[in-house]
Amino acid sequence: MQKPSIEEANAAIDGELRAKRPCLWLNPARLPSAVALRQAAIGFADIEAASARWQRFAPLLKKLFPETAAAGGMVESNLIPVPSLQRVIAGDAARGAWFLKGDHALPIAGSVKARGGIHEVLEFAEKLALEHGLINPSRDYAVLAETPARQLFARHTVAVGSTGNLGLSIGVIASALGFKAQVHMSADAKEWKKERLRRHGVEVIEHAGDYGEAVEAGRREAQSDALSYFVDDERSLSLFLGYSVAALRLREQLSQAGVAVGPDAPLFVYLPCGVGGAPSGIAFGLKQVFGDHVHCFFAEPTASPCVLTQMLHPERPGITVADLGLDNRTEADGLAVARASALAVQMMTPLLSGIFTVEDDDLFRHLYLLHETEGLRIEPSAAAGFGGPQRLFDTPAGRRYLAENDLEQRMDQAVHLLWATGGLFVPDAEYSGFLARGRLCDVAYRSAST
Ligand SMILES: *Cc1c(COP(=O)(O)O)cnc(C)c1O
């Protein structure tokens, strides 16, 4: 088989995207990790600085959020082996070991957004408190729960635009610290997410438009108020670094699970992708830690593949999925984004292995299968990566990736990590609906494939 040229391959993928057909794209711009990381504007020291910030704040988080006390005030999730899910999805021929990263159960926010969102609000709070002489970095930050700090924070507003989960993260931490918190919600944000925020004392501002418009409205409003701080999901380095800390923690967890990622044990990671901030921050950290031995793939809905659209069309910065004729309508509310983060695209261009797109029915089917096999509860967005291993094994592009990277002989020792990104606070009634739809999708899938 002759290898298609980059232009041919990208043109073929462009056609698949417009037709909303699920596909796997391999990134032709990927470089050896060492080369790519040398060119990056940020490095390992920045990830370590973010990690140290989480450490400094742990005593405060422990005090404000008792659910983090058992973990010493750390906001972290479990690494969970999922052999039954692996058997059900991939059958007896499944090779390697599958794990799930349980960010669906991250405390405080109930999604991966806890990593970036909380980190950015903590960084802002730290800066204010240092400027006002309320803390010094070697002292216990639990003093930030006391009156002088709270009075300082109460004069400031923290604002964000969100499809739901980033708002939940920023809103809850900001109001817990005593800030005024304002969340601009897009039309696709779920009602229960808005209600949860209002219960936490957060002001929810509803917008008729999509995520990009909610962000724009929030940005504009914050600019006109000197005491307002806007968390900008399309550009923020602080969010990015907050996410990247996951890699340091995962390294420990894998080693505790007896996994030694290396030349003979490659690690494949499948990350649900919206604007691109969370998966690119995590992937950047993973490349720093594991270099060429980790292979990162993003998963996007067929209706909202904004990062793939931008990667295919670098000559058109700011391109949206509407420019390809796509409607950005998906039940994966966490991923319903029409325009990618430029920061995410820039950071991932030399590092990402590929991106695949997923239909909503498969999100529900995989959500249901995870419930049946492992008893875990996630939201539809969080299931986007579950079809990743099959894309590698069962598609021409996937097999080409394995061949070109000399991986075929190593797949029995490979580790596949499905990053589950949200779900902890989904209300029961909502979740029952997800399961019912997933069961139907599973029946339809089985009858179509026999
Ligand atoms: C936000 C989100 C993602 C993706 O993060 P981005 O930074 O938007 O790419 C994935 N899953 C869930 C559940 C999310 O809320």
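Derivation of every value follows stated rules applied to the coordinates shown; laboratory data play no part. Keep in mind that this is a model prediction, so the values were computed, not measured. All Cβ positions, glycine included, derive from the backbone under ideal geometry; neighbour counts span all protein chains shown.
Highest GNM mean-square fluctuation among H132, H295, H207, for the chain modelled with Cα contacts below 10 Å: H132. From the Kirkwood radius over Cα pairs of the stretch 289-371, Stokes-Einstein at 10 °C and 1.306 mPa s returns a whole-number translational diffusion coefficient of 116 µm²/s.
Coupling constants for the stretch 112-126 follow from the phi torsions by the Karplus curve (6.51 cos²θ - 1.76 cosθ + 1.60, θ = phi - 60°), and in residue order they are 4, 5, 4, 5, x, x, 5, 4, 5, 5, 5, 4, 5, 4, 5 Hz; glycine and proline get x. Listed here are the pairs K190/K287; K62/K101; K20/K190; K193/K287; K180/K287; which of them are more than 29 Å apart at the Cα? Listed pairs above 29 Å: K190/K287; K193/K287; K180/K287. Spherically averaged projected area of the convex hull of Cα atoms, the chain: 20.8 nm².
When only alpha carbons are used to place a centre, the stretch 31-57 and the stretch 294-373 end up 24 Å from one another.
The amide H of H184, built 1.01 Å from its N in the peptide plane, has V160, G161, S162, I205 as neighbours under 5 Å, considering only residues 5 or more places off or on other chains. Shape summary: the stretch 360-450 maps onto an equivalent ellipsoid whose semi-axes, from the alpha-carbon gyration tensor, are 29, 16, 10 Å in decreasing order. Ordering of 217-229, 353-365 by packing is 353-365, 217-229, highest average first (other Cβ atoms within 10 Å, averaged per residue). Backbone geometry of the stretch 407-415 corresponds, through the Karplus equation with coefficients 6.51, -1.76 and 1.60 at θ = phi - 60°, to 3J(HN,Hα) couplings of 9, 4, 6, 10, 6, 5, 9, 6, 10 Hz, x marking Gly and Pro.
Taken one residue at a time, the phi angles of the stretch 286-297 give Karplus couplings (6.51, -1.76, 1.60, θ = phi - 60°) of 5, 5, 4, 7, 10, x, 6, 7, 10, 10, 9, 10 Hz. Gly and Pro are set to x. Close amide H partners of H295, meaning residues 5 or more places away or on another chain with modelled amide H under 5 Å apart, are L267, F268, V269. For the stretch 37-89, the fraction of C-alpha pairs more than 19 angstrom apart is 54%.
Convex hull of alpha carbon positions in the stretch 179-304: directionally averaged projected area 10.1 nm².
Computed over the Cα atoms of the stretch 409-450, the ratio of the radius of gyration to the Kirkwood radius (Rg/Rh) comes to 1.18.
Between the C-alpha center of the stretch 198-233 and that of the stretch 144-188 there is a gap of 11 Å. Dividing the Cα radius of gyration of the stretch 172-222 by 2.2 N^0.38 Å, with N the residue count, gives 1.11. Which of the three applies to the stretch 106-263, rounded, prolate or oblate, going by the alpha-carbon gyration tensor with a ≥ b ≥ c and a/c under 1.5 meaning rounded? The shape class here is oblate. Pick out, from M311, G398, S169, the residue whose Cα sits farthest towards the positive end of the charge dipole of the chain, with +1 on the Cβ of Lys and Arg and -1 on the Cβ of Asp and Glu. Most positive-ward Cα: S169. Per the Debye calculation on the stretch 1-130 with a single equal scatterer at every Cα and no solvent contribution, log₁₀ I(q)/I(0) for q = 0.12, 0.16, 0.20, 0.23 Å⁻¹ amounts to -0.84, -1.07, -1.13, -1.21. In a simple Cβ point-charge model (Lys, Arg +1; Asp, Glu -1; nothing else charged), the stretch 237-375 has a dipole of about 560 debye relative to its Cα centre. Computed log10 I(q)/I(0) for the stretch 64-198 at 0.22 Å⁻¹: -1.29, from the Debye equation with unit scatterers placed on every C-alpha and solvent omitted. Comparing F65, Q86, A34 along the charge dipole axis of the stretch 1-157, the residue lying farthest to the positive side is Q86, per the Cβ-charge model.
Less than 5 angstrom separates the built amide H of S111 from those of L106, all sequence-distant by 5 or more or on a different chain.
Plainly put, the stretch 284-429 has a radius of gyration that is 0.97 times its Kirkwood radius, both from alpha-carbon atoms, as the Rg/Rh ratio. Using only the C-alpha atoms, the convex hull of the stretch 271-335 corresponds to 88 Å³ per residue.
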